[in-house]
Amino acid sequence: MKIFTTSDNRTITFTTASGNRNCSVFLRWDQNLGILLDWIGPDGKKVDKYLDVAVGYFKTKASIATNNGGNFNNTFKWQFSGLNTTSFVTHQDFLLTSSLQIKTGYPISSFWIGAKETTAIGKYYLSTQKYEDNYNIYSPLPFLDVRVINEQCQIVPSANVLNIPLNGYSIPLVIDFSNCVPVSEISVTANITNANGLVLEYANGKSAHTQTLKFDAN
């Protein structure tokens, strides 16, 4: 007799004594062998070696996907755990959080990861912890191998030259951090040389990703 499992058609074979009409088989589902999960790198491919993670800002976008390419069937959460966890920061949908979510119906779950300024250059192995997976149909997340690098990120202002009308304001000068989102709060200082009546004014309000400057000619 052969019994096929519905997930991967693995064959289970067994024998029974000659002349025995009945044979009882007990199958136990191993919850640790659920649907496998893979790390996906910024290039959209499975991570085979490691992810490069920059010190000080969120350079790297990574994702989690099912090994079979299907959509997630339920919503659950996960987070990095272990000794190296405090050296790294993650955000999802521009919200700094250590608790990352996988949502029902999506084929992947993406997040950004950066290393704190105090993190030493080198390779790290990050373990993970999955929770609120009420149906427990997914395998534990594998270790993530990361390589911390010291790579500068260039921040480009919206303009290099501003025309300032007399007794008026320039157009806003926007310093955009969307490609270099810092892992912690930073300060941006603008210095005016040969001011000759120019006054620097910060726009009202603050943003985690942009800072607007205005120049006033008196």
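The values are calculated or read from the model by the stated rules, or taken from the named source; none is laboratory data. Given the structure is predicted, the values throughout are model-derived calculations rather than measurements. Here the Cβ is made from the backbone with ideal geometry for all residues, glycine too, and neighbour counts use every protein chain on show. Accessible surface areas use protein heavy atoms only, side chains included; no ligands, DNA or RNA. Shrake-Rupley method; radii C 1.70, N 1.55, O 1.52, S 1.80 Å.
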Inset, instruction - Those residues that are assigned to a loop (DSSP other than H, G, I, E, B) and touching a strand residue (DSSP E or B) at 6+ places or on another chain (Cβ under 8 Å), I need them from region 98-112; list them, please. - result: Ser98, Ser99, Lys103, Pro107
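Search region 113-162 for residues being assigned to a loop (DSSP other than H, G, I, E, B) and among the β-branched types (Val, Ile, Thr), and hand back the single one that is least open to solvent (accessible area, probe 1.4 Å). If you could, list the steps in order and put the result at the bottom.
Filtering region 113-162 for residues assigned to a loop (DSSP other than H, G, I, E, B) gives 116-121, 132-137, 139-143, 150-156, 158-162.
Now restrict to residues that are among the β-branched types (Val, Ile, Thr): 118-119, 121, 137, 155-156, 161.
On the way: Thr118: 132, Thr119: 13, Ile121: 108, Ile137: 56, Ile155: 66, Val156: 90, Val161: 117 Å².
That would be Thr119.
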Inset, instruction - Of the numbered conditions (1) open to solvent by 20 Å² or more (accessible area, probe 1.4 Å); (2) part of a loop (DSSP other than H, G, I, E, B); (3) not aromatic (Phe, Trp, Tyr), Val89 fails exactly one; give the number of that condition. - result: (2)
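Looking at Lys77, Lys116 in this structure, which one is farther than 13 Å from Phe58 by Cα, over 11 Å from the mean Cα position of the chain (by Cα) and among the charged types (D, E, K, R)? Outline the logic, then answer.
Working: Lys116 fails: farther than 13 Å from Phe58 by Cα.
None of the other options fit; the residue is Lys77.
Residue by residue, here is whether (1) open to solvent by 30 Å² or more (accessible area, probe 1.4 Å); (2) at pLDDT below 90 holds:
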{"position": "Ser109", "(1), (2)": "no, no"}
{"position": "Asn167", "(1), (2)": "yes, yes"}
{"position": "Leu173", "(1), (2)": "no, yes"}
{"position": "Phe177", "(1), (2)": "no, yes"}
{"position": "Leu200", "(1), (2)": "yes, yes"}
{"position": "Leu213", "(1), (2)": "no, yes"}
{"position": "Asp216", "(1), (2)": "no, yes"}
Legend entry - Residue pairs meeting the criteria (Cβ under 9 Å; at least 6 apart or on separate chains; first under 20 Å from Thr119 (Cα atoms), in region 43-62; second of a type in the set (Lys, Arg) and outside any loop (DSSP other than H, G, I, E, B)): Tyr50/Lys123; Tyr50/Arg147; Leu51/Arg147; Asp52/Arg147; Val53/Arg147
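Scan region 26-34 and tell me whether some residue there is at pLDDT 95 or above and not aliphatic (A, V, I, L, M). Break it down into steps so the answer makes sense when it comes.
Here is the first cut: in region 26-34, the residues at pLDDT 95 or above are none.
Within region 26-34, not a single residue is at pLDDT 95 or above and not aliphatic (A, V, I, L, M).
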